[in-house]
Every structure is written in C-alpha cells, then in structure tokens.
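We did not get these values from a lab; they are worked out from the coordinates using the rules stated. Computed from a prediction, not measured in an experiment: that's the story for all the values here. Glycine gets a Cβ as well: all are built from the backbone with ideal geometry, and neighbour counts include every protein chain shown.
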Amino acid sequence: AQSVTQLGSHVSVSEGALVLLRCNYSSSVPPYLFWYVQYPNQGLQLLLKYTSAATLVKGINGFEAEFKKSETSFHLTKPSAHMSDAAEYFCAVSNQGGGNKLTFGTGTQLKVEL
Amino acid sequence: GAVVSQHPSWVICKSGTSVKIECRSLDFQATTMFWYRQFPKQSLMLMATSNEGSKATYEQGVEKDKFLINHASLTLSTLTVTSAHPEDSSFYICSAREAGVTTDTQYFGPGTRLTVL
C-alpha cells in the first residue's frame, strides 16, 4: 500500500518569501511522486513529477521538488512566493507512471500575504 | 497540453433523482479515465477506474450500483449518480490518461459540483 502525508494543512507566507510545502511518502516499491495545484472550484494541474530520473525536479511556475529516499520526502519549494501562488497543493504517489492510480495527500492550503 | 472537460460544471437536483456527469478528453484518446470525489477542504478519493469498452473497476467501499460508469468511446466517460441523496453532494473530478511511447500522464477535468437537495 502507498500513502502520502502532507504536514501542515495551512501554510502562510509573505509575498517574496520562500515557499516550503512538505510531503512524506510511504511505498513498498520505488515510487512515482507528483505535486498538483488546485485553484478554487477547479480541477488539478500538474506542477511537477518525479519518475526515478533526476532527484531534483523542476516544474512550472518556478516550483521545484527534491526526492530524498533516505528521508522518504518530496518537499515542494519556490524561492519567492507570488500572490497568484495562493491555492491548494496536493502531493500524490503512484507505484507506476502518472497515468495510473494516484493516492493523494490531504492537501496544503497556501496563503500568500502582502 | 491535453485538455479534459466535464459537463456540467455544477448541478443541483432533488433527492431521489439521477444525475449524469460527462468527462471528455478533447484532443487525445483516453483508454483509461478515473473518477474522483472530493469533499470540502479534503483530498481527492479515487472512486473508480473507467476503461473503454469494459466494466469499470471500483475502489473498495464505492457502490457500483449507485455510481454507474460508462466509457463508451475513447474520448468520453460518464458517471451517473443514481437515486441521489444529500450525502452524495460533493465535487466530482475526472481525469483522463494519455499514454504513449514517451508519455503516461493523467490530465484532470475542472470538476463538477453536485448538490442534492
């Protein structure tokens, strides 16, 4: 069985500050890991994905995440927050590629303040 | 990128009626589509996997007779909530799998908000 844990259901940062959203996973097989963003009343948009290639993954909108096997983590970061980054962020895991069943974390609501 | 649409975007119905939600892949063919349910301020829970031309695979605890899934073509899957009740009110999101030689990605629809009175 696979699972992801997102620490912190709500994160608040100032505009221009570092964004750090935490995700830890549990998987009995090498995982495929994903970060998605959801704006209010919308579906999910893929930010980035880890598929066993480079451990540092760069995504859209300036986000990146680093896969750390020793820590079973896949934290999402962005050097400088923008107001438009305010949204819900979900970490997800799959035991195959991104086209297969995904198990999502509980989500982290990011608030960006002036 | 690939686009997935859902229709309707929101629907209000009376208790006891049935509601059909459509999920379409607009610019690619999807042999597999997924249906998720999301309660307010919660995560997405996979309900079922829809495969074109065959029966859907339901996750444990999901009533297949209540949530009817049909995947009649490579671009369309439908979810019908039968005899809807207020507890079925939720945000339903579909995704479509684009699988090829160099890609294997799910693209999500914008969701359908169902309110059962």
* Asked: Which pairs have Cβ atoms under 7 Å, sit 6 or more apart or on different chains, and link a residue in the stretch A:20-34 that is among the charged types (D, E, K, R) to one that is assigned to a loop (DSSP other than H, G, I, E, B)?
  -> A:Arg22/A:Gln6; A:Arg22/A:Leu7; A:Arg22/A:Gly8
* Asked: Residues of the stretch B:104-117 being within 8 Å of chain A (Cβ to nearest Cβ) and either within 18 Å of B:Glu63 (Cβ to Cβ) or among the acidic types (Asp, Glu) (or both), which ones?
  -> B:Asp104
* Structure fact -> Out of (1) aliphatic (A, V, I, L, M); (2) surrounded by 21 or more Cβ atoms within 10 Å (Cβ to Cβ); (3) within 14 Å of chain A (Cβ to nearest Cβ), the one B:Val101 does not meet is (2)
* Which number in (1) surrounded by 14 or more Cβ atoms within 10 Å (Cβ to Cβ); (2) free of Cβ contacts under 8 Å to residues at least 24 places away in the same chain; (3) within 14 Å of chain A (Cβ to nearest Cβ) marks the one condition that B:Asn70 misses? -> (3)
* What about A:Thr108, is it more than 25 Å from B:Phe39 (Cβ to Cβ) and within 12 Å of chain B (Cβ to nearest Cβ)? -> no
* To do: Say whether the condition of being within 14 Å of chain B (Cβ to nearest Cβ), in a loop (DSSP other than H, G, I, E, B), among the small types (Gly, Ala, Ser) and touching a residue at least 12 places away in the same chain (Cβ under 8 Å) is met by at least one residue in the stretch A:64-86.
  => no
* **Residue list for the stretch A:1-47, filter: on the phi > 0 side of the Ramachandran plot and touching a strand residue (DSSP E or B) at 6+ places or on another chain (Cβ under 6 Å)** => A:Gly8
* Residue check for B:Ala48: under 24 Å from A:Tyr32 (Cα atoms) and either buried (at least 16 other Cβ atoms within 10 Å of the Cβ) or out of contact with any strand residue (DSSP E or B) (no Cβ under 6 Å at 6 or more places or on another chain) (or both) -> yes
* Structure fact -> Taking first residues from the stretch A:1-16 that are free of Cβ contacts under 8 Å to residues at least 40 places away in the same chain and second residues anywhere that are loosely packed, with under 14 Cβ neighbours inside 10 Å, the pairs with Cβ under 8 Å that are 6 or more apart or on different chains are A:Ala1/A:Ser26; A:Ala1/A:Ser28
* Asked: Does the stretch B:73-83 contain any residue that is more than 16 Å from the chain's Cα centre (by Cα), in contact (Cβ under 8 Å) with a residue 60 or more places away in the chain and outside any helix (DSSP H, G or I)?
  -> yes
* Taking only the stretch A:72-97 into account, find how many residues are touching a Leu at 6+ places or on another chain (Cβ under 8 Å), surrounded by fewer than 18 Cβ atoms within 10 Å (Cβ to Cβ) and among the β-branched types (Val, Ile, Thr). => 1
